[in-house]
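What follows is a single structure, written as structure tokens, with notes after it.
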Amino acid sequence: MGENKVKIILNFFCKMKEIIIVSDNPGKIKEYQDKLKSYKLIPYKEVLPIEHIPEEEDTFKANAFIKADTVFRILKKPCLADDSGLIVDALPNELGVHSKRFSEEMTDQANNQLLLEKLKDIDQRQAKFKTVICLLIPGEHPRFYQGEVKGKILRKARGNQGFGYDPLFYIEGLNKTLAEMTIDEKNIYSHRAKAIEALIKDIENENIVVF
């Protein structure tokens with residue numbers, strides 16, 4: 001990549017103060033905004049009448065791209081999306097990209113209850129959370145960032161912060177579930193926080209070619 005091209009892209013990042021975030025999850029948006037303090041994150045539903053974006057691919061990366069690209073192709077503005085999920089060792093094919101749609105009701109409460117039922121007689125409860133972020137900006141290739149955090153699934157929910165499977169996901173070194181963490185703690189240790197840190201590091205290091 002030529003020097004002029006690099007300067008143009010860096011100048012674009014310096015001026016970029018708004019990013020469309022392709023999510024309607026208030027908890028997720030809050031986590032992003034807390035980490036990306038230099039930018040204003042605009043939920044996509046505030047500017048587009050799109051009710052639902054299908055997430056039917058079999059990888060986190062592909063789903064993150066579809067969400068970001070659906071909005072990017074319409075608005076032609078910087079767009080950020082992620083796909084995240086819980087991977088449970090004892091249930092290798094049941095969650096992952098299907099984590100949000102794990103139960104028939106597809107609610108946090110129903111998902112957590114079904115997970116507890118499926119693991120009721122299982123002692124092997126190791127698991128991990130994974131996030132893949134896709135960032136699209138005009139004139140550039142898609143950029144991808146990922147983060148993981150390892151833990152185990154408790155037999156009973158703990159904590160009332162966070163969302164999704166956070167009340168059941170216990171990190172042994174911290175002696176806490178994700179739902180027992182403050183937003184500041186979660187934005188250090190969570191899978192999403194690690195992916196966002198990779199994104200921030202990429203921009204700060206002027207690492208233009210990501211993949």
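The values are calculated or read from the model by the stated rules, or taken from the named source; none is laboratory data. Keep in mind that this is a model prediction, so the values were computed, not measured. Note that we place each Cβ from the backbone using ideal geometry, even for glycine, and neighbour counts take in every protein chain shown.
Taken over region 47-72, the criterion of being at pLDDT 95 or above and charged (D, E, K, R) is satisfied by Lys61, Lys67, Asp69.
One residue alone among Ile183, Ile171, Ile153, Ile133 is within 20 Å of the chain's Cα centre (by Cα), modelled with pLDDT under 90 and hydrophobic (A, V, I, L, M, F, W, C), and that residue is Ile183.
Surrounded by fewer than 19 Cβ atoms within 10 Å (Cβ to Cβ) and either at positive phi or among the hydrophobic types (A, V, I, L, M, F, W, C) (or both), is that true of Leu75? Considered against the rule, which asks whether it is surrounded by fewer than 19 Cβ atoms within 10 Å (Cβ to Cβ) and either at positive phi or among the hydrophobic types (A, V, I, L, M, F, W, C) (or both), Leu75 comes out as yes. Kindly indicate the residue of region 1-39 that is of a type in the set (A, V, I, L, M, F, W, C) and modelled with pLDDT of 55 or more and also nearest to Ile203 (Cα to Cα) among those meeting that condition. It comes out as Leu36. From the residues in region 100-130 that are of a type in the set (Lys, Arg), modelled with pLDDT of 95 or more and under 18 Å from the mean Cα position of the chain (by Cα), which one is nearest to His52 (Cα to Cα)? Among residues in region 100-130 that are of a type in the set (Lys, Arg), modelled with pLDDT of 95 or more and under 18 Å from the mean Cα position of the chain (by Cα), the one nearest to His52 (Cα to Cα) is Lys130. Residue count for region 70-88 under the criterion of being over 17 Å from Glu55 (Cα atoms) and in contact (Cβ under 8 Å) with a residue 60 or more places away in the chain: the result is 4.
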